[in-house]
1. How do Val50, Val428, Val444 line up, fewest other C-beta atoms within 10 Å first?
2. Determine the principal axes of the Cα atoms in the stretch 301-433, then give the extent along each, sorted from largest to smallest and rounded to whole angstroms.
3. Testing the spin-label approximation: label points 7 Å from Cα along Cα→Cβ at Lys135 and Lys303. State their distance in nm.
4. Go through 206-215, 167-176, 106-115 and give me the packing order, highest mean Cβ count within 10 Å leading.
5. Taking the 0 to 90 degree range and rounding to the nearest ten, how far is the long axis of helix 245-260 tilted relative to the main principal axis of the chain, both from C-alpha atoms?
6. Among Lys175/Lys332; Lys102/Lys412; Lys135/Lys232; Lys135/Lys419; Lys65/Lys232; Lys65/Lys431, which pairs are too far apart, with a Cα-Cα distance over 32 Å?
7. What angle, in degrees between 0 and 90 and rounded to the nearest 10, separates the Cα long axis of helix 424-435 from the longest principal axis of the Cα atoms of the chain?
8. Can you check what the net charge comes to around Pro231, using other residues whose Cβ is under 13 Å from the Cβ of Pro231 (Lys, Arg +1; Asp, Glu -1)?
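Nothing in this text is a laboratory measurement; each read-out follows from the coordinates by a stated rule. Just so you know, these numbers come straight off a predicted model, no measurement behind them. Cβ atoms come from the backbone with ideal geometry, glycine included; neighbour counts cover every protein chain shown.
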Amino acid sequence: MLRTTWVALVLYCLMPFTTTNAELTQDQVREKELAARSLRKAVEFFQEQVSVEGGYLWRYSDDLKLREGEGQASESMAWVQPPGTPSVGAALLEAYRLTDDKYYLDAARHTAHALVRGQLASGGWDYRIEFDPDKRQRYAYRTDGRSQGTNVTTLDDNTTQSALRFLMDMDRALKFQDAKIHEAARFALDSLIKAQYPNGAWPQRYSEFPDPKQYPVMQASYPESWSRDYPKPDYRSFYTFNDNSIADTIATMFAAARTYDETRYQQAAERAGGFILLAQMPEPQPAWAQQYDANMHPAWARKFEPPSITGGESQGIIRTLLMLYRETGNEKYLKPIPPAIAYLRRSLRDDGRLARFYELHTNRPLYFTKQYELTYSDADMPTHYGFVVGAGLDSLEREYERTKAHGHAPTKPNDDIRKPRYSRSLAVAAKLVRDAMDERGAWVERGEL
């Protein structure tokens, strides 16, 4: 089985070292040349044998006949959701920046154009891209001029955000001269701003933009009651923290502000920061829910995601607040953090970890059985989902103190990249990766599709 995740892992190990040949022994010069040839061989294989129109999936069988992303995929399909096409494109762009070899820039551009062809009329991306001409008719792809068919932009699992960040990086690397890439990135950013709710939140996915009258701005609060039985809601429009979707979108907006030097993108990020402040639940549970309905009540999403306080996403939200403070210098983003960390410490399980879900008001940990029955017991949990999560509270507290001490420290645009110099450990790592490569330029590992 081949994995596209190999690409990002091996490119760095195979980068030709920036140390000049005059500084190296003959053996080291040979290692440097072998690394350069191996890198080129690997990229040629993935470009010419694995990719579809510049797009990539997650995993392939050794003979390339079986393919999948998060789910089964066809030979005419690419995947957007990481570690799919944007992840491979970012690795190719990194290869160009480290080697100054235009071949890798052209490869990255080819992958960027695959994403352009997968952009929906709603502005973002679905989990997958279809390249078969007949099957493309099912989708409202922007480049095809279609408005009918699947047209749902998803912010779940960093899908649209990762595609957009890669396109912005490519746009900057190409000095904004590739019209297709530039227009796709700006169109996606405009759609994200239009999809933002009045309170600054974003939905998990969207095909149209919200009517502000239907989404009043208010502070989060507890519902009077909530159903223990799954009500099968249409949760796509809910204000969604699940899987860090809003955090990823905020980071994307800050990156857009740096890339295009336009304040409206930073303003969108700050509006989302305002939503985070509104969404913090009151004492005695001053953390966050995975998702909220239009009344700012914690709400059901999937059948194993109940209205609750989350020990998982709340930790990611704290990191997002720290990012917002670093980027803006506004201390309002720091104020929610100490009570949230204190609450999470009070909520630790006996094993030092946190439950993903805590019951509203009582703070009892909530779990599900394999039959998806809500329970207080963790004895029969499904294995496909993290109902128990790690508690990085000490790390969060240190980061909070460090960030508070350093103050306002916005990320600056930086086209320079630190190129690795020769070291024995880097040479050994490159050789290990090189030796694992087959004659095609592929890495194959045992696994099942």
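1. Exposure proxy ranking, most exposed first: Val428, Val444, Val50.
2. So the extents along the principal axes, rounded to whole Å, are 55, 46, 28.
3. Once both label points are built, they end up 2.8 nm from each other.
4. Numbers: 206-215: 13.7, 167-176: 19.6, 106-115: 23.2.
Going by the mean number of other Cβ atoms within 10 Å, highest first, we get 106-115, 167-176, 206-215.
5. So the inclination is approximately 50 degrees.
6. In this structure, Lys175/Lys332; Lys135/Lys419; Lys65/Lys232 lie more than 32 Å apart at Cα.
7. In the chain, helix 424-435 runs at an angle near 80 degrees to the longest axis.
8. 0
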